[in-house]
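Novice: Below is one structure. I have some questions about it.
The values are calculated or read from the model by the stated rules, or taken from the named source; none is laboratory data. None of the values given here were measured: they were computed from a predicted structure. Every residue, glycine as well, gets a Cβ built from its backbone with ideal geometry; the counts of neighbours run over all protein chains shown.
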Amino acid sequence: MRHLAGSFLLFALALRAPSPAAAQQPTYDLVLAGGRVMDPESGLDAVRYVGIRGGKIAAISATPLKGKTLLDAKGLVVAPGFVDLHAHGQDDENYRLYAMDGVTTALELEVGNEDVDGWYAAHAGKALVNYGVSSSHVRARMKVFNDPGALLPSGDGGHMVATQAQIEEIKTLVRRGLDRGGLGIGMGLQYTPAATRWEVLEIFRIAAERKAPIFVHNRFFGTKEPGGSVEAFEEVIGAAAITGAPLHIVHLNSMSLAATPQTLQMVTEARKRGLDVTTEAYPYSAGQTEIESALLDQFVGAPDSMLHKLQWAKTGERLNRDSFEKYRKEGGMVILHLNTPEMEAMAITSPLTAIASDAGVHLGKGHPRTAGSYARVLGYYVREQKALSLMDAIRKSTLMPAQRLEKLAPMFKAKGRIKVGADADISVFDPATVADHATYEKPAEYSSGFRYVIVNGVPVVVNGALATGIFPGRPARAPIHR
Ligand SMILES: [Zn+2]
C-alpha cells in the first residue's frame, strides 16, 4: 500500500465503503470482495471475500470483510497468481507484459544463470513480479569454454566436447549455483550438442544428490530418426531413471511436434513407474530462439521450403537461404513455425502439462507467448474451445508449477494457492472476456480481462491498467546452504 502513490487515481476508483456487517471485524489492508474464488488445491469454487494483510492471505470468508481498501471482484474469478516456470525475459518491459497476463511469479529455469547471487542481486528492488533463476549447466559450460554467446552458446560452449576435468569445472559451477539458492538446474541440450551422454548423467547426478529438479530442453525434436523427439525423451527419462534426478522437460510442445502423442505417452509411462518426471507447454504453434545458436545447425543448407518456416523477429520477414546465412552471422531472434494447431492443443490440454510461456521480448520484438500465453489458455482453450475446464486451466498455471518447486524451495508451498497463510499473489479476471492480443507481427500487445493482479499484497494491475513506479516483486529462491 505504501508504494501506491503513482497509481492512486486508478486505485481510488476501485474504492468503496465497507458494509455495516463488517464493522466489528478486524480491518485488512486489502479486501477482494465477492469474487468467485477458485483454488485448485482445495477445490474451493465459491463466492468469497479475501482479506489480505502484510502481503499474505489472512482470511477467506463467505461474509463481507472490512478493508482499508476494497476491490470489487463481483462477477470475476479470483485465482492464485500464475507461476511461470519458463520466463526468459527478466526486465521491466517483460514483467509488465507478464503482469497484464496474470503472472505474478516469472522464473528463468530452462537456461538459468551461472552466477545465481549476481542474478538475484541484479533484480532486487526492480521487479513488478516475483523473480527467480536456476543454476545453469548451459551457461556454466559457456563460462568454461569462454563462449561469446548472448543468452545461449554461439561457439565452443555448444560445440566442444568437455574433458572430464572440464566436466568437473562445470559441475563445480552448477553446485555453487544450487548452494546459493538456485531453483534447480537449467539444461539445454539442443544448445550444447557437444555435451556427451556421460556429461548429462554427471549433471543429473547433482540434481539427484540435491533433490533439485533439472529443467531440460532436450537434444532433438521431430519424427526423423535417429535424432528425433522419442530418442531425446528417452535420453533424459533414462538419465532420471539411472540417477534418481527429478526431471522437468520444458516446452513438450516444441520438443515433440508431430511426435506429441508418443512423448506424452512416454511421460505417462515414466510416471507410472514412479519416476518424478513433469513437463510443460505453451499455447502457440511456433517457437523462438537465437538464430546463431546450435539449435539452428539443422537448418544449414536446408532448402528454401524449410527456411520459409523461419521468421526474422525484428522485421517479420520469412527467411530463404540468403537471408538465413546473413542473419545467422548477424545474430538475433528467429521465430520457427514448425508445429501444428492439433499438436499444440494436444500438449496444452494434456493433464501432464503445466502452462509455461518460454517468454521474452526486447524493445517490443519477439514472440507473442510473452504477452499472451495465460490469457490465450483461458480465452481460447477454456472459453472458446471448451477444451479445458476453468479449474484445470488455473491448476496448470498455478498449483502444478508451485508443486514442481516446493520440495526444493519450500517458499513455493505458499504460492499457487488461495488459502489462509499463502502469499497474496492473486490474479482476478473476467472469464467472459479474458483474451490475448499479441501476434507474431505485434508481440507486445497486452492481454485484456485481468481486472486486478496482486503481488505480495500490492496491486500491480488495477481496473485492467498497470500501476506505475512500484516494484513489489520478491526473489523466489531455494534455501541458501553455504
Ligand atoms: Zn527451450
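Novice: Would you mind telling me which numbered condition in (1) away from the ligand (no atom under 16 Å from the Cβ); (2) out of contact with any strand residue (DSSP E or B) (no Cβ under 8 Å at 6 or more places or on another chain) residue 294 fails?
Specialist: Every listed condition holds for residue 294 apart from (1).
Novice: Now, a different point. Would you check if there is a residue in the stretch 368-383 being out of contact with any Leu (no Cβ under 9 Å at 6 or more places or on another chain), closer than 27 Å to residue 266 by Cα and among the β-branched types (Val, Ile, Thr)?
Specialist: no
Novice: Looking only at residues in the stretch 337-360 that are in contact with a Leu (Cβ under 7 Å, 6 or more places away or on another chain) and within 16 Å of the ligand (Cβ to nearest atom), which one is nearest to residue 112 (Cα to Cα)?
Specialist: Residue satisfying both the conditions and the ranking: 356.
Novice: Scan the stretch 278-305 residue by residue and report those that are of a type in the set (Gly, Ala, Ser), touching a helix residue (DSSP H, G or I) at 6+ places or on another chain (Cβ under 9 Å) and in a helix (DSSP H, G or I). First the steps, then the outcome.
Specialist: Narrowing the stretch 278-305 to residues of a type in the set (Gly, Ala, Ser): 281, 285-287, 293-294, 301-302, 305.
Then keep just the ones that are touching a helix residue (DSSP H, G or I) at 6+ places or on another chain (Cβ under 9 Å); that gives 281, 285-287, 293-294, 301-302.
Across the stretch 278-305, the qualifying residue is only 294.
Novice: For the stretch 362-378, what are the residues that are within 13 Å of residue 450 (Cα to Cα) and either surrounded by fewer than 24 Cβ atoms within 10 Å (Cβ to Cβ) or of a type in the set (Lys, Arg) (or both)?
Specialist: Within the stretch 362-378, just 376 meets the criteria.
Novice: Additional query: Across the stretch 24-63, what is the total count of residues that are among the aromatic types (Phe, Trp, Tyr) and in contact with a Pro (Cβ under 8 Å, 6 or more places away or on another chain)?
Specialist: Initial filter on the stretch 24-63 (among the aromatic types (Phe, Trp, Tyr)): 28, 49.
Add one more test, that the residue is in contact with a Pro (Cβ under 8 Å, 6 or more places away or on another chain), and what stays is 49.
Selection size over the stretch 24-63: 1.
Novice: Kindly indicate which of 373, 427 is under 18 Å from residue 87 (Cβ atoms) and either β-branched (Val, Ile, Thr) or in a strand (DSSP E or B) (or both). Walk me through how you get there before you give the answer.
Specialist: Numbers: 373 fails: either β-branched (Val, Ile, Thr) or in a strand (DSSP E or B) (or both).
That would be 427, the only listed residue that is under 18 Å from residue 87 (Cβ atoms) and either β-branched (Val, Ile, Thr) or in a strand (DSSP E or B) (or both).
Novice: Would the stretch 317-327 turn up any residue that is under 17 Å from residue 153 (Cβ atoms) and either at pLDDT 95 or above or not in a strand (DSSP E or B) (or both)?
Specialist: First pass over the stretch 317-327, keeping only residues under 17 Å from residue 153 (Cβ atoms): none.
No, that holds for no residue.
Novice: Could you list, in sequence order, all residues of the stretch 346-362 that are closer than 20 Å to residue 103 by Cβ, part of a loop (DSSP other than H, G, I, E, B) and hydrophobic (A, V, I, L, M, F, W, C)? Outline the logic, then answer.
Specialist: So in the stretch 346-362, the residues closer than 20 Å to residue 103 by Cβ come out as 347-348, 353-362.
Still in the list and also part of a loop (DSSP other than H, G, I, E, B): 356-358, 360.
Within the stretch 346-362, 356 is the sole residue that qualifies.
Residues are listed down the side, and each one gets a yes or a no for (1) surrounded by fewer than 23 Cβ atoms within 10 Å (Cβ to Cβ); (2) without any contact (Cβ under 8 Å) to a residue 12 or more places away in the chain; (3) in contact with a Lys or Arg (Cβ under 8 Å, 6 or more places away or on another chain); (4) hydroxyl-bearing (Ser, Thr, Tyr):
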{"residue": "284", "(1), (2), (3), (4)": "no, no, yes, yes"}
{"residue": "290", "(1), (2), (3), (4)": "yes, no, no, no"}
{"residue": "296", "(1), (2), (3), (4)": "yes, no, yes, no"}
{"residue": "304", "(1), (2), (3), (4)": "yes, no, yes, no"}
{"residue": "308", "(1), (2), (3), (4)": "yes, no, yes, no"}
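Residue by residue, here is whether (1) in contact with a Pro (Cβ under 7 Å, 6 or more places away or on another chain); (2) in contact (Cβ under 8 Å) with a residue 60 or more places away in the chain holds:
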{"site": "328", "(1), (2)": "no, no"}
{"site": "340", "(1), (2)": "no, yes"}
{"site": "360", "(1), (2)": "no, yes"}
{"site": "368", "(1), (2)": "yes, yes"}
{"site": "391", "(1), (2)": "yes, yes"}
{"site": "398", "(1), (2)": "yes, yes"}
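Novice: Also, quick follow-up: Identify, from the list 132, 182, 102, the residue that is on the phi > 0 side of the Ramachandran plot and of a type in the set (Gly, Ala, Ser).
Specialist: Numbers: 132 fails: on the phi > 0 side of the Ramachandran plot; 182 fails: on the phi > 0 side of the Ramachandran plot.
The match here is 102.
Novice: A further question on this structure: With respect to residue 150, is the statement that it is under 23 Å from residue 121 (Cβ atoms) and in contact (Cβ under 8 Å) with a residue 24 or more places away in the chain true? First the steps, then the outcome.
Specialist: Details: under 23 Å from residue 121 (Cβ atoms): yes; in contact (Cβ under 8 Å) with a residue 24 or more places away in the chain: yes.
Against the criterion (under 23 Å from residue 121 (Cβ atoms) and in contact (Cβ under 8 Å) with a residue 24 or more places away in the chain), residue 150 qualifies.
Yes or no, residue by residue, for (1) more than 16 Å from the ligand (Cβ to nearest atom); (2) modelled with pLDDT under 95; (3) crowded, with 21+ Cβ neighbours inside 10 Å:
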residue: 129; (1), (2), (3): yes, no, yes
residue: 132; (1), (2), (3): yes, no, yes
residue: 144; (1), (2), (3): yes, no, yes
residue: 158; (1), (2), (3): no, no, yes
residue: 166; (1), (2), (3): yes, no, no
residue: 172; (1), (2), (3): yes, no, no
residue: 185; (1), (2), (3): no, no, yes
residue: 195; (1), (2), (3): no, no, yes
residue: 207; (1), (2), (3): yes, no, yes
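Novice: For the condition within 16 Å of the ligand (Cβ to nearest atom), in contact with a strand residue (DSSP E or B) (Cβ under 9 Å, 6 or more places away or on another chain) and of a type in the set (Val, Ile, Thr), what is the one hit in 267, 250, 277? Walk me through it before giving the result.
Specialist: Values: 267 fails: within 16 Å of the ligand (Cβ to nearest atom); 277 fails: within 16 Å of the ligand (Cβ to nearest atom).
So the residue among 267, 250, 277 that is within 16 Å of the ligand (Cβ to nearest atom), in contact with a strand residue (DSSP E or B) (Cβ under 9 Å, 6 or more places away or on another chain) and of a type in the set (Val, Ile, Thr) is 250.
To keep it simple, each residue is scored yes or no on (1) over 21 Å from residue 280 (Cβ atoms); (2) assigned to a loop (DSSP other than H, G, I, E, B).
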| residue | (1), (2) |
| --- | --- |
| 378 | no, no |
| 401 | no, no |
| 411 | no, no |
| 418 | yes, yes |
| 438 | no, yes |
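Novice: Take the stretch 435-448 and flag every residue that is more than 17 Å from residue 316 (Cβ to Cβ) and buried (at least 23 other Cβ atoms within 10 Å of the Cβ).
Specialist: Residues satisfying the conditions are 436, 447.
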